[in-house]
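Q: Encoded as structure tokens, here's the structure I'll be asking about.
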Amino acid sequence: MPEDFRRIPTGVKGLDEMVNGGFPFPSVALVAGSAGTGKTTFAMEFLVEGAKRGEQGLFFTTLSEPTQWMLRYAGQFGFMDKDYFGEEIKYEDMGLLLQREGTEELLDFVDDKIAEIMPQRIVIDPITVVGAFFEEKYRLFLFELTNLLKNWQAVTLLTGEVNPGEPYPAEISYAVDSVVLLSMIEEEGTRRKFLEVLKMRGTDHTAGKQPVTITSEDGVVVLKSRF
Ligand SMILES: Nc1ncnc2c1ncn2[C@@H]1O[C@H](COP(=O)(O)OP(=O)(O)OP(=O)(O)O)[C@@H](O)[C@H]1O
Ligand SMILES: [Mg+2]
């Protein structure tokens, strides 16, 4: 492994052990899953881990949710320190731009905010909403977005919503360095949650679905039972 191959810890308990210590730095990752599988929680754990290490984080929402709305949910978790918000973790809303502007304006907005804040960790949650607005321009947008992100010294997590039973958004997967899938399976009346690292470039990662749990204290946690 060349010495300049840096990694940053994911912030998700049990995941670093599966991926040689963390996400390659810089790189772009997709965290995909159906509703309620823990994508936003995963993204928050990732940003809080950076904040604890003195790194700057930048969270873009595509949903037009006010900061207070996000904080009301994220603040329920023990790992979350609300004082990070507005400081180590900056929050930006893309929702209005999405409704009113085109792909070029959105890409410029993302690039300008990154230049202003200079984060080491970036989240766009959820990226799949953009597809509903841009339709046939979506693929080109994804290509241009991931190229733009690769010019910065940062790890970016894009979260992707999939319908239950659908494995992952293929149009995003090919453009990113890593794909982490979150899933839920109903067994004997209880829903069990899983995490699978589908790909991570440059990384000898654990294969297959690993059981996870979401706890009030730590958020998404990979259970150790299978590795
Ligand atoms: N305090 C908590 N303690 C334990 N589990 C929680 C807690 N808060 C949320 N959860 C679990 O986490 C799930 C929500 O996670 P999250 O919002 O990160 O999912 P998501 O994949 O981003 O969902 P969406 O597709 O709706 O955006 C809830 O459905 C619940 O199962
Ligand atoms: Mg979410």
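Q: As an exercise, take the mean of 1/r over every pair of distinct alpha carbons in region 137-227, invert it, and state the Kirkwood radius in angstroms.
A: Working: mean 1/r = 0.0662 Å⁻¹.
After inverting the mean inverse Cα-Cα distance, the result is 15.1 Å.
Q: OK, next. For Val176, enumerate residues with amide H under 5 Å from its amide H, sequence gap 5+ or separate chain, H modeled in the peptide plane.
A: The answer is none.
Q: Related question: Please turn the phi angles of region 16-29 into ³J(HN,Hα) values with the Karplus equation 6.51 cos²θ - 1.76 cosθ + 1.60 (θ = phi - 60°), one per residue in order, whole Hz, x for glycine and proline.
A: Values per residue, Gly and Pro as x: 4, 5, 8, 10, 6, x, x, 6, x, 10, x, 6, 10, 10 Hz.
Q: Continuing with the same structure: Charges at C-beta only: +1 for Lys and Arg, -1 for Asp and Glu. How large is the resulting dipole of the chain about its Cα centre, in Debye rounded to 20? Show your work: numbers first, answer last.
A: Numbers: 23 positive and 36 negative charges, 143 e Å.
Computed about the Cα centre, the dipole is about 680 debye.
Q: Estimate the FRET efficiency between Glu116 and Lys150 by the formula 1/(1 + (r/R0)^6), using the beta-carbon distance for r and 22 Å for R0, to the nearest 0.05.
A: Details: r = 19 Å, r/R0 = 0.85.
Once rounded, the FRET efficiency stands at 0.70.
Q: Among DSSP beta bridges lying fully in the chain, give the percent that are antiparallel, nearest 5.
A: Values: 20 of 48 bridges.
Restricted to the chain, the bridges split so that about 40 percent are antiparallel.
Q: Let me ask another. Give a quick list of GluC sites (Glu not before Pro) in region 165-206 that DSSP marks as loop, anything other than H, G, I, E or B, with at most 16 other Cβ atoms within 10 Å. Write out the running numbers ahead of the final one.
A: Details: sites: Glu171, Glu186, Glu187, Glu188, Glu196; in loops: Glu188.
Those that pass, being in a loop and sparsely packed, are Glu188.
Q: Past 25 Å, Cα to Cα: identify those pairs from Lys90/Lys193; Lys113/Lys193; Lys193/Lys224; Lys13/Lys137; Lys137/Lys193; Lys82/Lys113, in the order given. Working shown, then result.
A: Working: Lys90/Lys193 29 Å; Lys113/Lys193 34 Å; Lys193/Lys224 14 Å; Lys13/Lys137 37 Å; Lys137/Lys193 33 Å; Lys82/Lys113 21 Å.
Too far apart for the 25 Å limit: Lys90/Lys193; Lys113/Lys193; Lys13/Lys137; Lys137/Lys193.
Q: Straight-line reach only, C-alpha to C-alpha below 18 angstrom: list the lysines that Lys199 could link to, leaving out same-chain residues fewer than 8 apart.
A: Leaving aside lysines fewer than 8 places away in the same chain, those within reach of Lys199 are Lys39, Lys150, Lys209.
Q: Turning to a different aspect of this structure: Normalise the Debye intensity by I(0) for the chain, one equal point scatterer per Cα, no solvent, then take log10 at q = 0.08, 0.12 Å⁻¹ and round to two decimals.
A: Once normalised to I(0) and log-transformed, intensities are -0.26, -0.61.
Q: Could you pull out which residues in region 193-225 have an amide N less than 13 Å from a spot 7 Å beyond the Cα of Ser34, following the Cα-Cβ vector?
A: Answer for region 193-225: 193-194.
Q: Among the chymotrypsin sites (Phe, Trp or Tyr not before Pro) in region 1-109, which ones are in a DSSP loop with at most 11 other Cβ atoms within 10 Å of the Cβ? Mind listing them? Could you put the intermediate results ahead of the total?
A: Values: sites: Phe5, Phe42, Phe46, Phe59, Phe60, Trp69, Tyr73, Phe77, Phe79, Tyr84, Phe85, Tyr91, Phe109; in loops: Phe5, Phe77, Phe79.
Here the sparse-neighbourhood loop sites are Phe5.
Only the coordinates and a few stated rules stand behind these numbers; no lab work does. Since the model is a prediction, treat every value here as computed from it, not as a measurement. All Cβ positions, glycine included, derive from the backbone under ideal geometry; neighbour counts span all protein chains shown.
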